């Protein structure tokens, strides 16, 4: 903030603009993915990421909004049924892996060269998309039956009999097309009320806990608490990975609800410790304890969030809506996710300056 001479309002807007772009990306992602296919949508997403790292962070947000919709859909549509759950859950782990790597590199480089380094994985992915097939399910949706079989052979291998899987995909697509005659506003019918309340409630509460605010302004929080910024951010980056990996197995082993309940309780505990830590900072004899409590609270929050809250919430959204409103309700839930994130991220610094303990 001091480096660029930003006011609190400017700093908050700078940190929150990514989530505002994510809201717009989420709004258009479903339409683009259905219109031009999953591969081309991912190319568009990567171009947004590259533009964002070069100069326009708002574009990064748009790319992230598109990613949150198209990446899980693409992985679910190309994965064998036996490992589909683990494959889709691994998205959360890989996201945390990327975040952790950038936290670690951020202790070595300043933000300017870090922006250039961030282009590298975007370029790798942009080139990698040339070597992946289009989603067989999307190909079936637009009636390209031969391409469906070619895509499945590429994914499963030439020596594997894909005829039964191809037939199943075509049957599912035909069934979906018969159900998809509902209008957008039909999802607000009273019979869908429970699933809408649960789906939208999960994502709104998910973001209201402050995860994106902590991720965006972690260094400022650690500095305000009087702890070592490099040590705390490095620890935060490393500790998330093993717990994010456990989410892949816990969701199928114990169910979504228990994981979400335990992980949510853990994030509440983390926020409580952060608040108590900043309360202790008002007393000179407790300043060292204050830093320990704040760092511990953020680590506890990060552990439980990566272990279940994020992965469980997104899995619930993908499963809870009836088939005939899944597309529209799922897209709107992701929009709610990003918009709530924007509100929390933008408001965070104003609230933090007024009362760090909350």
Cα axis of helix 163-179 to longest principal axis of the chain: angle in degrees, 0 to 90, nearest 10?
80
Please state, to two decimals, what the Cα-based radius of gyration of the stretch 91-161 comes to when divided by 2.2 N^0.38 Å (N = residues).
1.65
Nearest 10 degrees, 0 to 90: helix 326-354 Cα axis against the chain principal axis:
10
Compute the distribution of all C-alpha to C-alpha distances in the stretch 244-358, in bins of 10 Å from 0, and list the percent of pairs in each, rounded to whole numbers.
14, 31, 32, 17, 5, 1, 0
Can you tell me the 0 to 90 degree angle between the C-alpha axis of helix 229-254 and the longest principal axis of the chain, rounded to 10?
40
Would you work out if the stretch 83-211 is rounded, prolate or oblate? Take a ≥ b ≥ c from the square roots of the eigenvalues of the alpha-carbon gyration tensor; rounded if a/c is under 1.5, else prolate when a/b is larger than b/c, oblate otherwise.
oblate
Given the stretch 31-137, what whole percent of its Cα pairs are spread farther than 25 Å?
23
Mind checking the log10 I(q)/I(0) for the stretch 201-261 at q = 0.18, 0.30 Å⁻¹? Debye, one equal scatterer per Cα, no solvent, two decimals.
-0.83, -1.15
Once a ≥ b ≥ c are taken as the square roots of the eigenvalues of the Cα gyration tensor of the stretch 227-277, is the result rounded (a/c under 1.5), prolate (a/b larger than b/c) or oblate (a/b not larger than b/c)?
oblate
For the stretch 138-218, the spread of Cα positions along each principal axis, largest first, Å
49, 40, 17
For Cα pairs less than 8 Å apart in space and 6+ apart in sequence, what is the mean separation divided by the residue count of the stretch 241-311, i.e. the relative contact order in percent?
46
Could you compute the FRET efficiency for residue 172 and residue 351, with r as their C-beta to C-beta distance and R0 at 51 Å, rounded to 0.05?
0.60
So for each of 304-314, 210-220 I average, over its residues, the number of other beta carbons within 10 Å; can you give me the resulting order with the highest mean first?
304-314, 210-220
Largest-first principal axis extents, alpha carbons of the chain, Å:
72, 45, 36
5 Å binning of all Cα-Cα separations within the stretch 300-344, expressed as whole percents from 0 upward
5, 20, 21, 23, 18, 9, 4, 1
Over the stretch 153-311, what number does the Rg to Rh ratio reach, with both radii from the alpha-carbon atoms and Rh per Kirkwood?
1.17
Report Rg (one decimal) and Dmax (nearest whole number) for the stretch 82-125, counting Cα atoms only, units Å.
13.5, 44
Could you work out the relative contact order of the chain, using alpha carbon pairs under 8 angstrom and six or more residues apart, expressed as a whole percent?
25
As a test of the formula, what do you get for the chain when each DSSP H run with n ≥ 4 contributes -39,500 (n - 2.57) and the sum is divided by the residue count, at 222 nm and rounded to the nearest 500 deg cm²/dmol?
-26500 deg cm²/dmol
Hey, in the GNM for the chain with a 10 angstrom Cα cutoff, which one of 32, 24, 83 fluctuates hardest?
83
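Throughout, read-outs are computed from the coordinates displayed, never taken from laboratory work. Keep in mind the model is a prediction, meaning the values are calculated, not measured. With ideal geometry, Cβ positions are generated from the backbone for all residues, glycine too; neighbour counts draw on all protein chains shown.
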